[in-house]
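Beneath this line is the structure, given in structure tokens, with notes to follow.
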Amino acid sequence: MSLWLTGESAWFGLPGRAKEFTLPEATPLKDLLDVVLAGGSVTVCTQCAARRGIGVDDLIDGVRIAGASTFVEEALGEGVQALVY
């Protein structure tokens, strides 16, 4: 399982930011991020991070910054069942 944070969602890779986001009738974003981190990976897009001044040291433990080549590698990997963008 892999979750990529792009555009303005890149902010959710920083501590405390997901907790600030609420959506009525939805599972809290913080809980969803915890589930993904426990069983997969969370990645902030390289360009999205750079445009917002987000660095590796700013991120939640376990969240990484990576670019297009890593995304393509994951999307084309063996056993990939779905790609939702």
Inset, instruction - Please give the net charge around Val44, taking every other residue with its beta carbon less than 15 angstrom from that of Val44, where Lys and Arg add +1 and Asp and Glu add -1. - result: -1
Inset, instruction - Among the GluC sites (Glu not before Pro) in the stretch 5-85, which ones are in a DSSP loop with at most 12 other Cβ atoms within 10 Å of the Cβ? Mind listing them? - result: Glu25, Glu78
Inset, instruction - When you have a sec, figure out the Kirkwood radius of the stretch 2-75 from all distinct Cα pair distances and drop it here in Å to one decimal? - result: 12.5 Å
Inset, instruction - Can you check what the net charge comes to around Pro15, using other residues whose Cβ is under 12 Å from the Cβ of Pro15 (Lys, Arg +1; Asp, Glu -1)? - result: -1
Legend entry - Contour minus Cα-Cα distance for Glu73 and Asp61 (0.36 nm per residue): 2.1 nm
Legend entry - Ser2 paired with Glu20, simple spin-label distance in nm, labels 7 Å along Cα-to-beta-carbon: 2.8 nm
Inset, instruction - Please order Asp57, Asp31 by the number of other Cβ within 10 Å, starting at the fewest. - result: Asp57, Asp31
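Every read-out reported here was derived from the displayed coordinates using simple, explicitly stated rules and does not represent laboratory data. Predicted model, so just to flag it, every value in this text is computed and none were measured. Please note: Cβ atoms are built from the backbone with ideal geometry, for glycine as well, and neighbour counts cover all protein chains shown.
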